1. Note down all Cβ pairs under 7 Å where the first residue falls in region 141-160 and is closer than 19 Å to Ala130 by Cα, the second is assigned to a helix (DSSP H, G or I) and modelled with pLDDT under 90, and they're at least six residues apart or on different chains.
2. Out of Phe173, Phe113, which single residue is open to solvent by 60 Å² or more (accessible area, probe 1.4 Å), hydrophobic (A, V, I, L, M, F, W, C) and in contact with a strand residue (DSSP E or B) (Cβ under 9 Å, 6 or more places away or on another chain)?
3. Looking only at residues in region 94-103 that are closer than 11 Å to Leu66 by Cβ and hydrophobic (A, V, I, L, M, F, W, C), which one is most open to solvent (accessible area, probe 1.4 Å)?
4. Give Glu106, Glu144 a once-over and let me know the one that is assigned to a helix (DSSP H, G or I), modelled with pLDDT under 95 and surrounded by fewer than 17 Cβ atoms within 10 Å (Cβ to Cβ).
5. If only one of Ile12, Ile24, Ile8 is open to solvent by 70 Å² or more (accessible area, probe 1.4 Å), without any contact (Cβ under 8 Å) to a residue 60 or more places away in the chain and within 23 Å of the chain's Cα centre (by Cα), which one is it?
6. When Thr54 is evaluated against the numbered criteria (1) surrounded by 13 or more Cβ atoms within 10 Å (Cβ to Cβ); (2) in contact with a Pro (Cβ under 8 Å, 6 or more places away or on another chain); (3) in contact (Cβ under 8 Å) with a residue 60 or more places away in the chain, which criterion, by number, is the only one it fails?
7. For residues that are of a type in the set (Val, Ile, Thr) and in contact with a Gly (Cβ under 8 Å, 6 or more places away or on another chain), tally how many sit in region 99-133.
8. Specify the residue that is nearest to Ser42 (Cα to Cα); the eligible residues are those in region 119-136 that are touching a residue at least 12 places away in the same chain (Cβ under 8 Å) and surrounded by fewer than 18 Cβ atoms within 10 Å (Cβ to Cβ).
Amino acid sequence: IGFGAAFILAIIAAAAGTWSCTKIVDATEVGIPTTNGKVGESMQPGWHFTTPWTKVTTYSTRTNELSMLRAEDEGDKAKDDSIPVVAAGGGSMNVDLTVRWGLKPEKVKDLFFEYRTVDNIKDSLVRAQARSIARDVFGTHTAEEGYSTERGVISKEIEDELRERLEAKGIRFD
């Protein structure tokens, strides 16, 4: 190989090496770098230079919608995902609930340690808490209030309790 070809190969190798050390975190994401099992500090949106063996897991900070609905062709699950509740006085009903939520960028690292994936955050944290809170709140109201007169009050109580329980863990609500 001549000097010119070797020089071009060296430039290509340097560019490939630099590119393998570059991680891009999109504007609506937070990145969590892991190097040899050690978790680093959260990466904010932008270009980041890391070692080639660093894995960056990105988490969207956009608003998500979790719908737990009775209709089998709607919502997050392809089955009845409504919440069975027992009202004060013993009346039972199924409740549809939709939660608009997202991740707080400053808490993504904590959520990564505990849940690892957005699906786990959604199912093990947001869905589980929403179902539990809905059952608790409806248990303090009669079935009639749940179907008609107090729907707005009940909805507000569920929203307030969700905020109280989950905002400290890193979940925001829209």
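1. Taking only residues 6 or more apart or on different chains, the pairs are Ile154/Gly146.
2. On the way: Phe173 fails: open to solvent by 60 Å² or more (accessible area, probe 1.4 Å).
One residue alone meets the criteria, Phe113.
3. Among residues in region 94-103 that are closer than 11 Å to Leu66 by Cβ and hydrophobic (A, V, I, L, M, F, W, C), the one most open to solvent (accessible area, probe 1.4 Å) is Leu97.
4. Details: Glu106 fails: modelled with pLDDT under 95.
So the residue among Glu106, Glu144 that is assigned to a helix (DSSP H, G or I), modelled with pLDDT under 95 and surrounded by fewer than 17 Cβ atoms within 10 Å (Cβ to Cβ) is Glu144.
5. Working: Ile12 fails: within 23 Å of the chain's Cα centre (by Cα); Ile8 fails: within 23 Å of the chain's Cα centre (by Cα).
Exactly one of Ile12, Ile24, Ile8 is open to solvent by 70 Å² or more (accessible area, probe 1.4 Å), without any contact (Cβ under 8 Å) to a residue 60 or more places away in the chain and within 23 Å of the chain's Cα centre (by Cα), namely Ile24.
6. Condition not satisfied by Thr54: (3).
7. Of region 99-133, the ones of a type in the set (Val, Ile, Thr) are 99, 108, 117-118, 121, 126, 133.
Now restrict to residues that are in contact with a Gly (Cβ under 8 Å, 6 or more places away or on another chain): 108.
Residues meeting the conditions: 1.
8. So the first thing to find is which residues in region 119-136 are touching a residue at least 12 places away in the same chain (Cβ under 8 Å), and the list is 121-122, 125-127, 129-131, 133-136.
If we keep only those that are surrounded by fewer than 18 Cβ atoms within 10 Å (Cβ to Cβ) as well, we get 129, 135-136.
On the way: Gln129: 26, Arg135: 36, Asp136: 36 Å.
Among those residues, the one meeting the criterion is Gln129.
The values are calculated or read from the model by the stated rules, or taken from the named source; none is laboratory data. No experiment lies behind these values; they were computed from the predicted model shown. A quick note on method: Cβ atoms are made from the backbone with ideal geometry, for glycine too, and the neighbour counts reach across all protein chains shown. Note: accessible area is taken over every heavy atom of the protein model, side chains too, but ligands, DNA and RNA are not part of it. Shrake-Rupley method; radii C 1.70, N 1.55, O 1.52, S 1.80 Å.
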